[in-house]
Amino acid sequence: MKRLFTLLIVLGLAFSVSAAWAQDTLVYGTTDKVTQMDVAGAYDFHTWEIFQNVGSGLMQYTPGTTNLVPALATGYTVNAAGDEYTFKLRKGVKFSNGTPFTASVVKWSIDRVAKLNGDPAALVTQYVKSVDVVDDYTVKFVLKGPLSYLPALVATPTYFPMDPSVYPEDKIVQDVGELNGGEIVALGPYRLTSFKRDEEAVFEANPNYWGKEPGIQKIIIRYFADATTMRLALEKGEIDLAFKTLNPSDIADLTKGGKYNAVKIPGPQIRYLCFETSESVFKDKKLRQAVSALINRSEINQKVYLGQNAPLYSMIPMGMSYHTEDFKTALGDGNVALAEKILKGLGYSKAKPFTFDLWYTPSHYGDPEVNMAEVMKAQMEKSSLVKVNLKSAEWATYKQQWNNKQMPVFFLGWYPDYIDPDDYTSPFAQTEGSKGMGIFFSSKAWDDLFIQEQQTTKDAVRNSTFAKIQKMWTDEVPTVPIFQGNLYIFSKKNVSGVKIGPTLIFNYDQLKFTK
Amino acid sequence: MRHLASYVLTRFLLAIPMVFIMLTIIFVVLRIMPGDPVSAMLGDRAPLRVINEKKHTLGLDKPIAAQYVDYLGQLVRLDLGDSMIFKQKVSQPIIEKLPATIELTLFGLLASLAIGVPLGAAAARRRRSGGDFGIRLYANVVYCIPVFWLGLLFQLVFGVLLGWFPISGRTSPRLEASTFSWSGFYIVDTLKIGNLAAFGDVMWHLVLPALTLGVVLSGIFVRLTRANMLDVLKSDYILAARARGVPERRVVYNHGLRNALIPIVTMLGLQFSLLLAGAILTESTFSWPGMGRLLVERIYLRDYPVIQGVIVVYTLLVSVMSLLVDLLYAAIDPRVKY
């Protein structure tokens, strides 16, 4: 036994010493999961992150910013009606297996996404009538109507060109092994050379990449079952970098002492409270206003998230065009006096308090969710006219219940599909989108406003429309914004180049070892 | 030999209703629980119409009895069905994850025996001494400790503070498991390619998770070994050995322990199901990519076919293990005949 133990120690040490010299490889830990290894099926941040590193779009964001710049396209023109975009493509670009990149590849890839009708297909089918090949290096998008944010859409992986000789035309690929050749061939800075679900993904620099060579030749993603183990793995040195999603207490501990590089990302993720507005007790907008006034965002941020997020007073996040602070001025923060005035006006009293169920889901948004629900219940019950029953359900049940109008008020969170204020507003208050979110808000006046901002490319028109929408939001209150989530990346001191902007795109090619 | 073959066959046949009962319970419980895989898989944004279409495609809008008949029809063709979330055969993730779970439970079992049996024997030898009291206290304490808590403690102490052992996964990330993964049993795979460093790394990663499982289960073996040893040590043949002047250590460990082990072998079979249950939590704590982690993740996603498939495999594993234990029992105890 002793001998075996000694042998293990020697072998283990030998291996760790040899691994310490491998400075061309970075190990990145995450608790995220890969869904489908196909842009026609994937509709989640982590799988998109992988495609953003192995693929390229016609347009892309400058790392760490919201500036859209041409990537596989060299530029584009829009017709006067705003419903036709023509992109000129970069010449001489090849996939990592040598397949040339042309306009036909772009058309094939986008047609395939639409035809396979996977989860993200609506990002294409809702807007694009056809993709036409003008010549080998020119492609034209004919749209169903004028659209201001097509350049942002073509920067999403759903629009990324995929090699027709590798991806099957008639089915969505689940795992890399189903691809012709068994490997995702790349147009981006890396190629994915191996993938074991829930264990690891290995990326190696793409020798045919059209852009600048990555700073680190090999990136390995290690998948963790929980945040605590990931934090310990960083402290132990098993991983070089940890991202998504650490617990608030882990973030606070890792920030102390300066042992790690900490990058705080003002994320595009927002958290908010949704009301079922068609049949529940919250059919009356006055009750929605009262409940909204009782929420104290700063207290939630301090008590639950240890000050790591930012209170939010509009559904459009801070840092994005057209953001206002209307909720702060109209309904306030922890404004018990205003809430009680509204509730008394509706006939509620200490003897007959306004009673409702507040729902949360305990694991989907991480461990702090239950704490947020408890703090919010306490905030609301600061008014003796309110009585809150906290209820919870796991995600699958939760989703079913909001579809069935079984939850009068409940917490949700949002990561955008594309970086535009439209994606933070219309899904919640435009008739069709609102149904899917369990809000069931419907108003012709609101729908018209959304169509107006979606169809115009004029900044002044969009500015005034969104200003109006945000003001109306504090009156109708279909949802209440609570906070804008910051994300944190921790890395060893010798890792630099972490640039993640509000788009949340993590470009691995920017990473470098400094020593 | 003919009797043994018919015994084995009977046991296999008896396993079929066991699997059937387990499956029926799981099948019904999953479907009467609130929530469904479609809502979980389509995320926040899918319209109700799309959700209903998907439910129809997956057959989830049929009555439970009809779904059950369909499922049994698949099972008799030895088809566990397709995952509702990842659209792959259920057998695919199970085949990928099963070796990791078997490696972990096997080493967990070895660790529990390696700790529990000698401690139990030592406690019996020094009955009512301070050592005996300490060992019994240990047995009670470790049996009460939640396995995930002990795992976290080991990670902190032996992983982070002392830095002796890795705290997550089956290998170091830089080893790139996909380069040698063949059978999924990394111990075998690394030896097959003759990579001793990789073998050491794999064994090194097994230490903390196996020890966590082993320590928690060792409590039972301590108590059991001690109780059996106390009975055995009162036997006439032990008295005779002592009278012949055989040294006490030899009396206890060579003559006594060997006979006290027989009921422990029976216990092994019963403990195996506990070990699998413990492995579910241990796999989550140590990010061990096995069936337990798969089960937990798919329960959250309500991926019915995968959950059912994992339960079938767990039930079969327990059946096979208890059969092996019964056969072993016959091999070591000449009084038992089949």
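The values are calculated or read from the model by the stated rules, or taken from the named source; none is laboratory data. All values reported here derive from a predicted model rather than from experimental measurement. Every residue, glycine as well, gets a Cβ built from its backbone with ideal geometry; the counts of neighbours run over all protein chains shown.
For A:Ala152, state whether it is closer than 21 Å to A:Ile419 by Cβ, outside any strand (DSSP E or B) and touching a strand residue (DSSP E or B) at 6+ places or on another chain (Cβ under 8 Å).
Here the answer is yes, as A:Ala152 does meet what is asked.
Where residues in segment A:155-185 are in contact with a strand residue (DSSP E or B) (Cβ under 6 Å, 6 or more places away or on another chain) and not in a helix (DSSP H, G or I), which of them is nearest to the other protein chains (Cβ to nearest Cβ)? So that I can check it myself, show each step before the final result.
Initial filter on segment A:155-185 (in contact with a strand residue (DSSP E or B) (Cβ under 6 Å, 6 or more places away or on another chain)): A:155, A:176, A:184.
Among the residues that remain, those that are also not in a helix (DSSP H, G or I) are: A:155, A:184.
Values: A:Ala155: 19, A:Ile184: 14 Å.
So the residue we want is A:Ile184.
Taking segment A:380-424 only, how many residues are under 30 Å from A:Val154 (Cα atoms) and either at pLDDT 95 or above or within 17 Å of the chain's Cα centre (by Cα) (or both)? Reasoning before the result, please.
Applying the first criterion (under 30 Å from A:Val154 (Cα atoms)) to segment A:380-424 yields A:399, A:412-424.
Right, trim to either at pLDDT 95 or above or within 17 Å of the chain's Cα centre (by Cα) (or both) and you get A:412-424.
Summing the residues that are under 30 Å from A:Val154 (Cα atoms) and either at pLDDT 95 or above or within 17 Å of the chain's Cα centre (by Cα) (or both) in segment A:380-424 gives 13.
Here's a check for you: in segment A:131-141, which residue that is surrounded by 16 or more Cβ atoms within 10 Å (Cβ to Cβ) and not β-branched (Val, Ile, Thr) is farthest from the other protein chains (Cβ to nearest Cβ)?
A:Tyr137
Would you be able to say whether some residue in segment A:104-122 is in contact with a Lys or Arg (Cβ under 9 Å, 6 or more places away or on another chain), over 28 Å from A:Ala205 (Cβ atoms) and either modelled with pLDDT of 95 or more or of a type outside the set (Gly, Ala, Ser) (or both)?
yes
Can you list residue pairs whose Cβ atoms sit under 9 Å apart, with the first residue in segment A:457-476 being touching a residue at least 40 places away in the same chain (Cβ under 8 Å) and the second being exposed (fewer than 14 other Cβ atoms within 10 Å of the Cβ) and assigned to a helix (DSSP H, G or I)? Count only pairs 6 or more apart in sequence or on different chains.
Note: pairs meeting the criteria are A:Thr474/A:Thr329.
Taking segment A:330-366 as the search range and keeping residues that are touching a residue at least 40 places away in the same chain (Cβ under 8 Å) and within 14 Å of another protein chain (Cβ to nearest Cβ), which one is nearest to A:Asp284 (Cα to Cα)? Lay out the reasoning, then the answer.
At the first step, the residues of segment A:330-366 found to be touching a residue at least 40 places away in the same chain (Cβ under 8 Å) are A:330-331, A:334-336, A:338-340, A:342-346, A:354, A:356-361, A:365-366.
Those left that are additionally within 14 Å of another protein chain (Cβ to nearest Cβ): A:359, A:361, A:365-366.
On the way: A:Trp359: 19, A:Thr361: 25, A:Tyr365: 29, A:Gly366: 32 Å.
For segment A:330-366, the residue satisfying everything is A:Trp359.
Quick one: count up the residues across segment B:138-167 that are surrounded by 14 or more Cβ atoms within 10 Å (Cβ to Cβ) and at the interface with another protein chain (Cβ under 10 Å from one of its Cβ atoms).
Result for segment B:138-167: 11.
For segment A:279-372, list the helices (runs of 4 or more DSSP H) that sit wholly inside it and hold at least 3 residues that are at pLDDT below 95, buried (at least 19 other Cβ atoms within 10 Å of the Cβ) and of a type outside the set (A, V, I, L, M, F, W, C); which are they? I'd like the intermediate steps shown before the answer.
Numbers: elements: A:285-294, A:297-303, A:326-330, A:336-345.
Filter on segment A:279-372 gives an empty set.
Out of B:Leu104, B:Leu110, which single residue is of a type in the set (A, V, I, L, M), within 14 Å of chain A (Cβ to nearest Cβ), surrounded by 19 or more Cβ atoms within 10 Å (Cβ to Cβ) and in a helix (DSSP H, G or I)? Talk me through it step by step, then tell me what you get.
Details: B:Leu110 fails: surrounded by 19 or more Cβ atoms within 10 Å (Cβ to Cβ).
Matching residue, one of B:Leu104, B:Leu110: B:Leu104.
For B:Ala122, indicate whether it is within 11 Å of chain A (Cβ to nearest Cβ), more than 18 Å from the chain's Cα centre (by Cα), free of Cβ contacts under 8 Å to residues at least 40 places away in the same chain and assigned to a helix (DSSP H, G or I). Quick ask: steps written out before the conclusion?
On the way: within 11 Å of chain A (Cβ to nearest Cβ): no; more than 18 Å from the chain's Cα centre (by Cα): yes; free of Cβ contacts under 8 Å to residues at least 40 places away in the same chain: yes; assigned to a helix (DSSP H, G or I): yes.
No; evaluated as a whole, the condition is false for this residue.
Which residue is nearest to the chain's Cα centre (by Cα), if the candidates are limited to segment A:482-515 and must be farther than 30 Å from A:Met380 by Cα, among the β-branched types (Val, Ile, Thr) and not in a loop (DSSP other than H, G, I, E, B)?
A:Ile489
Would segment B:278-291 turn up any residue that is away from every other protein chain (no Cβ under 14 Å) and modelled with pLDDT of 85 or more? Walk me through how you get there before you give the answer.
Within segment B:278-291, the first condition is being away from every other protein chain (no Cβ under 14 Å), and the residues that meet it are B:278.
Restricting the remaining residues to those that are modelled with pLDDT of 85 or more gives B:278.
Taking every residue of segment B:278-291 in turn, at least one turns out to be away from every other protein chain (no Cβ under 14 Å) and modelled with pLDDT of 85 or more.
Does segment B:292-310 hold any residues that are within 9 Å of chain A (Cβ to nearest Cβ) and among the charged types (D, E, K, R), and which are they?
Quick first cut of segment B:292-310, residues within 9 Å of chain A (Cβ to nearest Cβ) only: B:293-294, B:296-297, B:299-302.
Passing the criteria: B:Arg293, B:Glu297, B:Arg302.
Give me the pairs: first residue in segment A:204-222 and more than 11 Å from chain B (Cβ to nearest Cβ) and touching a residue at least 24 places away in the same chain (Cβ under 8 Å), second residue part of a strand (DSSP E or B) and acidic (Asp, Glu), beta-carbon distance under 6 Å, and six or more apart or on different chains, which are they?
Once the first residue is more than 11 Å from chain B (Cβ to nearest Cβ) and touching a residue at least 24 places away in the same chain (Cβ under 8 Å) and sits in segment A:204-222, no partner that is part of a strand (DSSP E or B) and acidic (Asp, Glu) comes close enough.
Okay, residues lined up against (1) out of contact with any helix residue (DSSP H, G or I) (no Cβ under 6 Å at 6 or more places or on another chain); (2) surrounded by 22 or more Cβ atoms within 10 Å (Cβ to Cβ); (3) within 10 Å of another protein chain (Cβ to nearest Cβ); (4) in a loop (DSSP other than H, G, I, E, B):
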residue: A:Ala378; (1), (2), (3), (4): yes, no, no, no
residue: A:Lys382; (1), (2), (3), (4): no, no, no, yes
residue: A:Leu390; (1), (2), (3), (4): no, no, no, no
residue: A:Tyr398; (1), (2), (3), (4): yes, yes, yes, no
residue: A:Trp402; (1), (2), (3), (4): yes, yes, yes, no
residue: A:Lys405; (1), (2), (3), (4): yes, no, no, yes
residue: A:Gly413; (1), (2), (3), (4): yes, no, yes, no
residue: A:Tyr424; (1), (2), (3), (4): yes, yes, no, no
residue: A:Ser442; (1), (2), (3), (4): no, no, no, yes
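Residues to consider are B:Tyr237, B:Tyr304, B:Tyr300, B:Tyr314; find the one that is more than 24 Å from B:Val90 (Cβ to Cβ) and not polar (S, T, N, Q). Give the steps one after another, and end with the answer.
On the way: B:Tyr304 fails: more than 24 Å from B:Val90 (Cβ to Cβ); B:Tyr300 fails: more than 24 Å from B:Val90 (Cβ to Cβ); B:Tyr314 fails: more than 24 Å from B:Val90 (Cβ to Cβ).
The conditions single out B:Tyr237.
I'm trying to understand the selection: among the residues of segment B:168-215, which are more than 8 Å from chain A (Cβ to nearest Cβ), surrounded by 22 or more Cβ atoms within 10 Å (Cβ to Cβ), over 21 Å from A:Leu232 (Cα atoms) and not aromatic (Phe, Trp, Tyr)?
Selection gives B:Thr190, B:Gly214, B:Val215.
Does A:Ile270 meet the test of being in contact with a Pro (Cβ under 6 Å, 6 or more places away or on another chain), among the β-branched types (Val, Ile, Thr) and in a strand (DSSP E or B)? Give the derivation first.
Details: in contact with a Pro (Cβ under 6 Å, 6 or more places away or on another chain): yes; among the β-branched types (Val, Ile, Thr): yes; in a strand (DSSP E or B): yes.
Here the answer is yes, as A:Ile270 does meet what is asked.
Confirm whether B:Val76 is within 30 Å of A:Asp175 (Cα to Cα), more than 12 Å from every other protein chain (Cβ to nearest Cβ), more than 17 Å from the chain's Cα centre (by Cα) and free of Cβ contacts under 8 Å to residues at least 60 places away in the same chain. I'd like the intermediate steps shown before the answer.
Values: within 30 Å of A:Asp175 (Cα to Cα): yes; more than 12 Å from every other protein chain (Cβ to nearest Cβ): yes; more than 17 Å from the chain's Cα centre (by Cα): yes; free of Cβ contacts under 8 Å to residues at least 60 places away in the same chain: yes.
For B:Val76, the condition - within 30 Å of A:Asp175 (Cα to Cα), more than 12 Å from every other protein chain (Cβ to nearest Cβ), more than 17 Å from the chain's Cα centre (by Cα) and free of Cβ contacts under 8 Å to residues at least 60 places away in the same chain - is met.
If a residue has to be surrounded by fewer than 21 Cβ atoms within 10 Å (Cβ to Cβ), more than 14 Å from every other protein chain (Cβ to nearest Cβ) and not aromatic (Phe, Trp, Tyr) to count, how many in segment A:94-130 make the cut?
13
Scan segment A:447-457 and tell me whether some residue there is within 12 Å of chain B (Cβ to nearest Cβ) and among the polar types (S, T, N, Q). Full working, then the answer.
Initially, segment A:447-457 is screened for residues within 12 Å of chain B (Cβ to nearest Cβ), giving none.
No, segment A:447-457 contains no residue that is within 12 Å of chain B (Cβ to nearest Cβ) and among the polar types (S, T, N, Q).
What number of residues in segment A:63-96 are within 20 Å of the chain's Cα centre (by Cα), in a loop (DSSP other than H, G, I, E, B) and in contact (Cβ under 8 Å) with a residue 60 or more places away in the chain?
So the answer is 4.
Right, A:Ile251: within 13 Å of chain B (Cβ to nearest Cβ), buried (at least 18 other Cβ atoms within 10 Å of the Cβ) and touching a strand residue (DSSP E or B) at 6+ places or on another chain (Cβ under 9 Å) or not? Lay out the reasoning, then the answer.
On the way: within 13 Å of chain B (Cβ to nearest Cβ): no; buried (at least 18 other Cβ atoms within 10 Å of the Cβ): yes; touching a strand residue (DSSP E or B) at 6+ places or on another chain (Cβ under 9 Å): yes.
When the stated conditions are applied, A:Ile251 does not pass them.
If I ask for residues that are of a type outside the set (Val, Ile, Thr) and crowded, with 18+ Cβ neighbours inside 10 Å, which ones from segment B:216-230 would you list?
Step one: of segment B:216-230, the residues of a type outside the set (Val, Ile, Thr) are B:217-219, B:221, B:223-224, B:226-230.
Matches in segment B:216-230: B:Leu217, B:Ser218, B:Gly219, B:Phe221, B:Arg223, B:Leu224, B:Arg226, B:Asn228, B:Met229.
Of all the residues that make up segment B:242-278, how many are in contact with an Asp or Glu (Cβ under 8 Å, 6 or more places away or on another chain) and surrounded by 20 or more Cβ atoms within 10 Å (Cβ to Cβ)?
1
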